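For reference, the structure I am asking about is given below.
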Amino acid sequence: EPEVTQTPSHQVTQMGQEVILRCVPISNHLYFYWYRQILGQKVEFLVSFYNNEISEKSEIFDDQFSVERPDGSNFTLKIRSTKLEDSAMYFCASSVPPPGETQYFGPGTRLLVL
Amino acid sequence: DAKTTQPNSMESNEEEPVHLPCNHSTISGTDYIHWYRQLPSQGPEYVIHGLTSNVNNRMASLAIAEDRKSSTLILHRATLRDAAVYYCILRRVYNTDKLIFGTGTRLQVFP
């Protein structure tokens, strides 16, 4: 069964450093998402991406964050200058059109900012 | 977005049926009821969804009240692997594609 994959599974970085989290969505999916979950808290929506542009973003997704689909298979989340509060589990998800269809989540990247 | 209310936690014994309730009294006519679950240390996983009629799939059944103000996710025979946080989420089709997660119901399954 096709699945969403994410790399790395864990990342430790120093505050102020840039990190790139990578995702390979399911191949025929056209909608892509990033969510995050701070330890012990809810899963929070960050951004959705369709047709090579952001379709919706949350208040969390400020100028420090960016997303990109650099080729036909990868979908990345970049955090330019990490803060301690960016420590969380980051989940990528993808779905077929139209919006509102089932989202398939990856296993997540655990980011720890020191 | 319409709000859902779920119990914080529930317990079950293995091989017994589990009924996970969700209240959504402000649901609109175009809101689908989706259920996702999150196993420990994993990403959320789709379980089932419905609009008005009861739905069954290989994982679970979804019973929707006639007035649609509540629904119940039914696991017919709980296994240890079903221990997870279960989220009831309303989605207005074609209006938004994000999922808004609440705190969900943490289901514990005992052998």
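Treating the Cα atoms of chain B as identical point scatterers in vacuum, please give the log10 of the normalised Debye intensity I(q)/I(0) at q = 0.11, 0.12, 0.16, 0.18 Å⁻¹, two decimals.
Each listed q corresponds, in turn, to -0.31, -0.37, -0.66, -0.84.
Still on this structure: If you average the alpha carbon positions of region B:38-106 and of region A:1-53, how far apart do those two centres end up, in angstrom?
Taking the Cα centre of each part, region B:38-106 and region A:1-53 sit 22 Å apart.
Just give the residues from region A:67-107 buried by at least 50 square angstrom of accessible area in the all-chains context relative to the isolated chain, probe 1.4 Å, and say none if nothing qualifies.
A:Pro99, A:Gly100, A:Thr102, A:Gln103, A:Phe105
State in Å² the accessible area per residue of the protein assembly as shown; use a 1.4 Å probe, count heavy atoms of protein chains only, and round to the nearest integer.
With all protein chains present, the protein assembly as shown gives 51 Å² per residue.
Here is a follow-up. Can you tell me how the protein assembly as shown classifies by the Cα gyration tensor, rounded, prolate or oblate, using a/c under 1.5 as the rounded cut?
Here the protein assembly as shown falls in the prolate category.
Normalised by the number of residues in region A:1-79, what is the relative contact order in percent for Cα pairs under 8 Å and 6+ residues apart?
Once normalised by length, the contact order is 28 percent.
Also, I was wondering about something else. Provide a whole-number value for the mean count of partner chain Cβ atoms within 10 Å of the Cβ atoms in peptide B:33-46.
Mean partner shielding for this stretch: 4.
Continuing with this model, one more query. Excluding same-chain residues fewer than 8 positions from A:Lys83, which lysines have a Cα within less than 20 Å of its Cα?
A:Lys42, A:Lys57
With label points built 7 Å along Cα→Cβ from the Cα atoms of B:Asn56 and B:Ser9, find their separation and express it in nm.
Between B:Asn56 and B:Ser9, the label points sit 3.3 nm apart.
Sticking with this one: Restricting to Cα pairs below 8 Å that are 6+ residues apart, what does the relative contact order work out to for chain B? Please round to a whole percent.
Relative contact order here is 37 percent.
How big is the Kirkwood radius of chain A, worked out from every pair of different alpha carbons and given in Å to one decimal?
So the Kirkwood estimate lands at 14.0 Å.
Name the residue, out of B:Arg81, B:Arg92, B:Arg58, whose mean-square fluctuation peaks in a Gaussian network model built on chain B with Cα pairs under 10 Å.
Fluctuation is largest for B:Arg58.
Residues of region A:26-55 that become at least 20 Å² less accessible with every protein chain present than in their own chain isolated, using 1.4 Å: which are they?
Residues shielded by partner chains are A:Tyr35, A:Gln37, A:Lys42, A:Val43, A:Phe45.
If the cut-off is 17 Å between C-alpha atoms, which aspartates and glutamates fall inside it for B:Lys3, apart from same-chain ones fewer than 8 positions away?
Within the straight-line cut-off, B:Lys3 pairs with A:Glu44, B:Asp31, B:Asp67, B:Asp97.
The values are calculated or read from the model by the stated rules, or taken from the named source; none is laboratory data. Note that the structure is a prediction, hence the values are computed from the model and not measured. Heads up, the Cβs are rebuilt from the backbone with ideal geometry, glycines too, and the neighbour counts pull from every protein chain shown. Remember, those area values only see protein heavy atoms, side chains included, never the ligands or the DNA or RNA. Shrake-Rupley method; radii C 1.70, N 1.55, O 1.52, S 1.80 Å.
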